[in-house]
């Protein structure tokens, strides 16, 4: 049963003179492109109407009207070129705003569309196709005034209805429902029920096909990993051959079906596009080792959702260190495949005063893009710009080691920081003054698994540099106010301590060298 | 002119080889299936007069031994001119492991970062394996690598790759893979526990790929056997003057081709952080000393 607050909305492209020259195939492709673009901005479920030559798109906008309500309130917010909307084009302000934006967007792409919003797919389709006719004829906008052709019937029932003299849906609804199947066939009552909402109908969302795919149904279920690898190698060769010229694989998805019907899936992401079967097979082998196969495998599929340009390099004859960039990319691929994408990171220094956040570590391999094809991926420069926009605003002035002017002093910052600053007890002469000595409780985690032993040592501080006051991060919630001291203790070792100015407690943040 | 051999062999021209600067600068031995060429510094063997005395024979043999021990690999600076002076070849050899021993806070890690920055130069890549190899998924390491220290040592942030393995098995695997990769200029890690087998495997991997591996280990690991080419023990020395920099005593515990247990005292400049030698029993590169 459909929910009462669900809406279906078909978009019909009227057959104007220019589009009549397109073949049905071209029209279908164009409709599919439009469906993909709409699915990114307006609704997650966009489907083509389930006919052989679809001309309409069906969108599910259940619960999405509140997203457009504020933007569309008032005529000043709506695009100036949109006409006033019909009563069947949305009942709440949010829906009407959504329809207006959709029309504006389609007009921007050069498409004229007829849009209708209704509770069921059948009703929305009927209003989208025949609503303007009714408006033009000045008839009342009720479901009963729609012609029977709005019921999406095939030719034979339509001919019979015409012969019987039934022209409007209202006349059909007045007939006893039980007598219809014998007179007119089963399709007519089904379409009537779909229009009213008593029969269920779903939208099949349109998913773009993968760029290259290969699959194999095995005659006998296979369990041994060597045979699986050999079969995957064959599929990989087919997939690589199916790629367009000059394109390499950037993401590879492998799906396996077990004998019991369970589907297992793993993906391999690459740092640089590659078409090298040996390297890809090595990465897939790393993943296959950790795959929990309970039963033998009956079916396997390989897909390439994302492809990229292959970079070609002329190799020299006597290169001392051949192909450094390529080897680096292969190493990153291998490490990311076995340890996980988030375990292989690159550093980016940001001008943030708080030491924990002064350097961001980001994965080298970008996250898997779902459901996009080659044309729709953003160029790398746009992705970098988008990633850069998430940076925090720059904090207070005391920051060193930022990317703008790298300081050359290696003893300014410790080379290892505690993940969480360790509290220590510090003895200082003045309450706000520098530290004189501090007490360290070291808990050595022994390698042989014995009980943890705790040692307490009092370390006397011989020299200190500081305080380096850092006041920042008010935008993250709580203001961080710390006085950092670089201290040298009596045996010459250097540590980084800070006093938290909010409560006067001392912490040990890191060690130098 | 060498004849062209089958696939897998190198095509070599004598003239091109002899005129290249790499060929004349150091001892080079090029070995193919049919060609063997030996050349010594500046002079070919036929130009030397025959040795007259037993001492001269011994001297020439020692010279050949030291130069053969120096190997054919190029050397990278250690980041500190004083240390370069006492190392054979003027620095660390590519394809070897260097071990820095020191307590936490003693300065071993930052010295290793300086050496790694020198090894990478402007274009090289440093890979840091984070963690000490004894943690698990449920017990993550308490100390993490802090990249701004590498930036302060002279590296650019783009030259860093940080790898964070989740458990001990992944740690050993990641370190092994990193050492095998010829595209990296340096690898930095601080494994708390390294079995002799794993150590030997790392050394072979580094030799095959030509990367320099910097391992920072606690001073308590000194008695354990090591496959590193160079072992340096770092002792910090306390000072009372706040305007002075940091004073470190470096002891060359073991180095292939140099006298052992040489000491060097370095002091960092307070303003710029560069290290200069204050005192130490420096000796010239011992080409004529017998390596132990």
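The values are calculated or read from the model by the stated rules, or taken from the named source; none is laboratory data. Treat the numbers as computed from the prediction; the structure is a model and nothing was measured. Note that each Cβ is placed from the backbone with ideal geometry, even for glycine, and that neighbours are counted across all protein chains shown.
On the stretch given as the range B:122-134, residues that are assigned to a loop (DSSP other than H, G, I, E, B) and either surrounded by fewer than 19 Cβ atoms within 10 Å (Cβ to Cβ) or touching a residue at least 40 places away in the same chain (Cβ under 8 Å) (or both) total 8.
Among the numbered criteria (1) modelled with pLDDT of 80 or more; (2) closer than 19 Å to residue A:131 by Cβ; (3) surrounded by 17 or more Cβ atoms within 10 Å (Cβ to Cβ), which one does residue A:92 miss? Of the numbered conditions (1) modelled with pLDDT of 80 or more; (2) closer than 19 Å to residue A:131 by Cβ; (3) surrounded by 17 or more Cβ atoms within 10 Å (Cβ to Cβ), the odd one out for residue A:92 is (3).
Looking across the range A:417-436, the residues that are away from every other protein chain (no Cβ under 11 Å) and either part of a strand (DSSP E or B) or without any contact (Cβ under 8 Å) to a residue 12 or more places away in the chain (or both) come down to A:423, A:424, A:425, A:426, A:427, A:428, A:429, A:430, A:432, A:433, A:435, A:436. Among all residues of the range B:141-159, there is at least one that is more than 7 Å from chain A (Cβ to nearest Cβ), surrounded by fewer than 24 Cβ atoms within 10 Å (Cβ to Cβ) and at pLDDT below 90. Per the conditions (1) surrounded by fewer than 16 Cβ atoms within 10 Å (Cβ to Cβ); (2) in a loop (DSSP other than H, G, I, E, B), the sole criterion not satisfied by residue A:439 is (2).
Would you confirm whether or not the range A:103-111 contains a residue that is assigned to a helix (DSSP H, G or I), free of Cβ contacts under 8 Å to residues at least 24 places away in the same chain and within 23 Å of residue A:34 (Cα to Cα)? Yes, the range A:103-111 contains a residue that is assigned to a helix (DSSP H, G or I), free of Cβ contacts under 8 Å to residues at least 24 places away in the same chain and within 23 Å of residue A:34 (Cα to Cα).
Matching residues to (1) surrounded by 23 or more Cβ atoms within 10 Å (Cβ to Cβ); (2) part of a helix (DSSP H, G or I); (3) facing chain A (nearest Cβ under 7 Å):
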| site | (1), (2), (3) |
| --- | --- |
| B:138 | no, no, no |
| B:165 | yes, no, yes |
| B:177 | no, yes, yes |
| B:192 | no, no, no |
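Evaluate the range A:335-353: report whether one residue or more is under 23 Å from residue A:250 (Cα atoms), at pLDDT below 90 and in a strand (DSSP E or B). Looking through the range A:335-353, none of the residues is under 23 Å from residue A:250 (Cα atoms), at pLDDT below 90 and in a strand (DSSP E or B). Buried (at least 20 other Cβ atoms within 10 Å of the Cβ), within 13 Å of the chain's Cα centre (by Cα), within 8 Å of chain A (Cβ to nearest Cβ) and within 20 Å of residue B:253 (Cα to Cα): which single residue out of B:97, B:87, B:83, B:113 fits that description? After applying the criteria, what remains is B:113. When the residues of the range B:203-216 are filtered to those that are away from chain A (no Cβ under 13 Å) and closer than 26 Å to residue B:105 by Cα, the one that is surrounded by the fewest Cβ atoms within 10 Å (Cβ to Cβ) is B:215. Of all residues in the range A:472-513, those satisfying the criterion of being surrounded by fewer than 17 Cβ atoms within 10 Å (Cβ to Cβ) and either within 14 Å of chain B (Cβ to nearest Cβ) or outside any strand (DSSP E or B) (or both) are A:474, A:475, A:476, A:477, A:478, A:479, A:490, A:491, A:502, A:503, A:504. Of all residue pairs spaced 6 or more apart or on separate chains, none has beta-carbon atoms under 9 Å together with a first member in the range B:38-59 that is assigned by TED's automatic domain parsing to the domain that holds residue B:89 and in a loop (DSSP other than H, G, I, E, B) and a second member that is modelled with pLDDT under 50 and loosely packed, with under 10 Cβ neighbours inside 10 Å.
Looking only at residues that are part of a loop (DSSP other than H, G, I, E, B), in contact (Cβ under 8 Å) with a residue 12 or more places away in the chain and within 11 Å of another protein chain (Cβ to nearest Cβ) in the range B:219-246, which one is surrounded by the most Cβ atoms within 10 Å (Cβ to Cβ)? Among residues in the range B:219-246 that are part of a loop (DSSP other than H, G, I, E, B), in contact (Cβ under 8 Å) with a residue 12 or more places away in the chain and within 11 Å of another protein chain (Cβ to nearest Cβ), the one surrounded by the most Cβ atoms within 10 Å (Cβ to Cβ) is B:246. Restricting attention to the range B:247-262, and to residues there that are assigned to a loop (DSSP other than H, G, I, E, B) and over 20 Å from residue B:202 (Cα atoms), which single residue is nearest to the other protein chains (Cβ to nearest Cβ)? Among those residues, the one meeting the criterion is B:261. Listed by position, the helices (runs of 4 or more DSSP H) contained in the range A:162-236 that have at least 1 residues being touching a strand residue (DSSP E or B) at 6+ places or on another chain (Cβ under 8 Å) are A:169-174.
Residues considered: A:315, A:375, A:383. Of these, the only one that is modelled with pLDDT under 85, assigned to a loop (DSSP other than H, G, I, E, B) and surrounded by fewer than 17 Cβ atoms within 10 Å (Cβ to Cβ) is A:315.
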